[in-house]
Number of protein chains: 2
Amino acid sequence: MPIVVQKYGGSSLADAASIKRVARRIAEAKRAGNDVCVAVSAMGDSTDELLDLANEVSPQPPPREMDMLLTAGERISMALVAMAIHDLGYSVRSFTGSQAGVITDASHGKARIIDVTPGRVTEALDKGHIVIVAGFQGVSQDTKEITTLGRGGTDTTAVALAAALKADVCEIYTDVDGVFTADPRVVPTARKISTITNEEMLELAASGSKVLHLRSVEYARRFDIPIHVRSSFSAKEGTIVTDHPEGDTVEAPIIAGVAHDRSEAKITVVGVPDQTGKAAEIFQTLADAEVNIDMIVQNVSATETGLTDISFTLPKSDGRTALDALKKVQGSVGFASLQYDDQIGKLSLVGAGMRSHPGVSATFFKALADSGVNIEMISTSEIRISVVTRSEVLDDAVRAVHTAFGLDSSEGEAVVYGGTGR
Amino acid sequence: MPIVVQKYGGSSLADAASIKRVARRIAEAKRAGNDVCVAVSAMGDSTDELLDLANEVSPQPPPREMDMLLTAGERISMALVAMAIHDLGYSVRSFTGSQAGVITDASHGKARIIDVTPGRVTEALDKGHIVIVAGFQGVSQDTKEITTLGRGGTDTTAVALAAALKADVCEIYTDVDGVFTADPRVVPTARKISTITNEEMLELAASGSKVLHLRSVEYARRFDIPIHVRSSFSAKEGTIVTDHPEGDTVEAPIIAGVAHDRSEAKITVVGVPDQTGKAAEIFQTLADAEVNIDMIVQNVSATETGLTDISFTLPKSDGRTALDALKKVQGSVGFASLQYDDQIGKLSLVGAGMRSHPGVSATFFKALADSGVNIEMISTSEIRISVVTRSEVLDDAVRAVHTAFGLDSSEGEAVVYGGTGR
């Protein structure tokens, strides 16, 4: 029997009525002849409510207890979804992450899945039960502590279960119709992407696209699990993330989409002595403080002073930690001062076609220049160009680039490159 | 190091401020030089809120999933209590019922504790951590399913932990100052009992006193664990439940207290053929439907008709089930009709002194007669007399009996019988 793994996020499980709707959707997949395993997030804003409670009780709650607390959210939603499915006349079993065999490392709040040992899930599926699994959570391998995977972790739970169960597909149900060429709230003419490669999806997720959790895409790529991102509010086909698209000749567009991100800040370390090892000292300090760095720019040294500036971007949430850590080494590193700027935005153009189309960056920079957007930092990968701009011009920049690459839905087809499958 | 087990109920954990207050209380016990293990209930009305959610989703939720759902409540409160304790500078670990080794049978919603294997709790205590355990929940021995112990089950969790840890005392913190000679809301002159035997406490709990969960008293009796029932809102000594009171000569009162109960209903099976085995058929039917029967009265048979009436009391919540089950056997048993009455009240007088004081029942019935209370049913044990009355006269009856036995606090000492300890 084909195995389908589904995932429903909190916005699809906001209240009793939504839960019943999701239950009908799950029952449909079972009725269609599949074994069905479902990962669920906590209801609506319930995770935020638990966080608020925690903050009322303690300004710095211990991460172990935070994970104990937050995992209650998925426990509630999975039990309710199971009840609603039972009510439709289907047999069903819910399992916590731990019961479902989601084994992680011991990093509370941002644990990584090491292994999935789905014995109880498989047994329940074999008996004909629909299985509901609490997303976002697992149990640490050695210490048997309850862990959570971080925001968006239920996507990863679903993909990891799909891999462990050798599922035919992992369906990620969300509140949008799929992955778009840009955020439709910023670019109303953005189009739904019908198929996208894992590589492109990874770059989009890493660049601010919120549709899929980055790690879930990594996991799907590693285990070669096709993901179908679709809306829980409609029956429309969504976006298939796969490296093996169906059909003989797929004309893949040069550009998959434009992502943007306002969650980062920029720190500039001013007046760093231009000596070997100074940058290393700075970034080792940040690594020790567990700050995640994204883009880095070092100015050309002003030869008369022997000093240089180093700028980097990082999540705003790490800003305080990074500044504190750097201040402690100001004397030993010998820099002059720190500048903190949280009014930046990042725009990323992603497309596997960039590899074979050298004209992409020219078109990209021209579009930004024509719309008067000033670029502060640039970074590239093989299939991505990212720039940092002022936050207030970011939306304009996204629209300009989207249009320049023919991605607007009113303009007919996007620029494509031919091929017999990719 | 002495080991103290404490229990805090939902009313002591209603919000963040209450949780912090409880945390300070727990820290105090640790600071006083004890190893401290604490069982907590769900916050305030959160269990009821989860029940409401379940009912919105499904009219008849499967018990397994109901237990999954409800156990989230204690998980939330235990994590928050642990955070608040951490915030006071103490090291702390929270454990679910399953993690704490609370092993139960597989009866979802009303599981019984079979064993406690507190390896992780002991290890944490040995490391100097304060331990918080989710009350009300466990894991079934063979099927490894999450179970709950029924309303009030956290008392039993606490006592079972105290027994397994060989604790010196189990402190049950609640929103009243201890066990009273009657419900102070009904009898304003009721007195706090300073010491009470397990046997008397069992009869009070079985007769409607809500202070302690019946099974927790059974458990404490079996394992000889002293219970200290006290208020979480004051530092006053509460009530010690023990069969080994301190001091050389304890003058124990004849009567421990008066309990009342409005949670029962009465069913009368009218016109039962007065033949051997008819009563057995009726009660077997009720047992098969898992209805708990309390008191039973069979009228003297009217010899001319060969028919008799059988009345019994049962929890109101079992009323519908009992009536349905009995209707199905009306033909085979051959009774005429069923009467259902949920406007009854039960009053129970409890005291170990009854054994040696034959005058107790005379005083009891005289007090009820003097206050004009009509008695509908009577049942007795060695240390208890219970009567069923109309619900609307129950409070008057309780006050009359309380006064007749000299239990009112304004009347000085209660009637006592001497002894050199008991």
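Here are the numbers for this structure:
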| quantity | calculated |
| --- | --- |
| Whole-Hz ³J(HN,Hα) from phi, Karplus 6.51 cos²θ - 1.76 cosθ + 1.60, for the range B:89-105, glycine and proline x | x, 9, 7, 8, 9, 9, 9, 5, x, 4, 5, 7, x, 7, 9, 10, 6 |
| FRET efficiency, residue B:298 to residue B:141 (Cβ-Cβ, R0 41 Å, nearest 0.05) | 0.55 |
| Shape category assigned to the range A:137-258 from the gyration tensor of Cα positions, a/c cut at 1.5 | prolate |
| Acute angle (nearest 10 degrees) that the helix A:214-223 long axis makes with the longest principal axis of chain A, alpha-carbon atoms | 60 degrees |
| The range B:94-142, Cα convex hull volume normalised per residue, Å³ | 56 Å³ |
| Summed side-chain charge close to residue B:159 - residues other than residue B:159 whose Cβ falls under 10 Å, Lys, Arg +1, Asp, Glu -1 | +2 |
| Once the Cα gyration tensor of the range B:34-88 is diagonalised, semi-axes √(5λ) in Å | 28, 11, 8 |
| Sites residue A:320 and residue A:284, calculated FRET efficiency, Cβ-Cβ separation with R0 25 Å, nearest 0.05 | 0.85 |
| Long-range HN-HN contacts of residue A:114 with modeled amide H, under 5 Å | A:103, A:104, A:105 |
| Extent along principal axes [Cα atoms of the range A:297-382; Å; largest to smallest] | 47, 36, 26 |
| Built amide H within the under 5 Å cut-off of residue B:193, gap 5+ | B:179, B:180, B:181 |
| Identity and axial distance of the chain A residue whose Cβ lies nearest the axis relating A to B, Å | A:72, 2 |
| Radius, Kirkwood style, for chain A when every pair of distinct Cα atoms is counted (Å) | 23.1 Å |
| Proxy reagent accessibility, fewest Cβ within 10 Å first, across A:313, B:308 | B:308, A:313 |
| For the protein assembly as shown, the spread of Cα positions along each principal axis, largest first, Å | 110, 68, 40 |
| Averaged over B:82-91, number of beta-carbon atoms from partner chains that fall within 10 Å | 5 |
| Cα-based Rg of the range B:3-175 normalised by 2.2 N^0.38 Å, two decimals | 0.97 |
| Gaussian network model of chain B, springs between alpha carbon atoms under 10 Å - residue of B:13, B:51, B:80 with greatest fluctuation | B:51 |
| Position residue B:127, label points 7 Å along Cα→Cβ, spacing to each other copy in nm (shortest first, one decimal) | 3.5 |
| Inter-copy spacing of residue A:365 label points, which lie 7 Å from Cα along Cα→Cβ, given in nm from shortest upward | 10.7 |
| Entries in A:236/A:346; B:192/B:346; A:20/A:316; B:144/B:327; A:7/B:144; A:30/A:210 that, when Cα-Cα distance is taken, lie over 27 Å | A:236/A:346; A:20/A:316; B:144/B:327; A:30/A:210 |
| Ranked B:333, A:81, B:133, criterion: other C-beta atoms within 10 Å, fewest first | B:333, A:81, B:133 |
| Under-5 Å amide H pairs with residue B:132, H placed in peptide plane, nonlocal only | B:38, B:93, B:94, B:95 |
| Those trypsin sites (Lys or Arg not before Pro) in the range B:175-235 that DSSP places in a loop and that have at most 10 other beta carbons within 10 Å | B:185 |
| Label 7 Å beyond Cα on the Cβ vector: residue A:184 copy-to-copy distances, nm | 6.1 |
| For B:66, A:295, A:43, B:201, order by how many other beta-carbon atoms lie within 10 Å, fewest first | A:295, B:66, A:43, B:201 |
| Computed over the range B:246-422, Kirkwood Rh from alpha-carbon pairs, angstrom | 18.1 Å |
| Vicinal HN-Hα couplings computed from phi for the range B:140-155 (Karplus, 6.51 cos²θ - 1.76 cosθ + 1.60; Hz; Gly/Pro x) | 6, 4, 8, 8, 6, 9, 6, 10, 10, 9, x, 3, x, x, 5, 4 |
| Antiparallel %, DSSP beta bridges [both residues in chain A], to 5 | 60 percent |
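Values quoted throughout were computed directly from the atomic coordinates according to the rules given, and no laboratory measurement underlies them. Since this is a predicted model, take the numbers as computed values, not measurements. Using ideal geometry, Cβ is built from the backbone for each residue, glycine included, and neighbour counts are taken over all protein chains shown.
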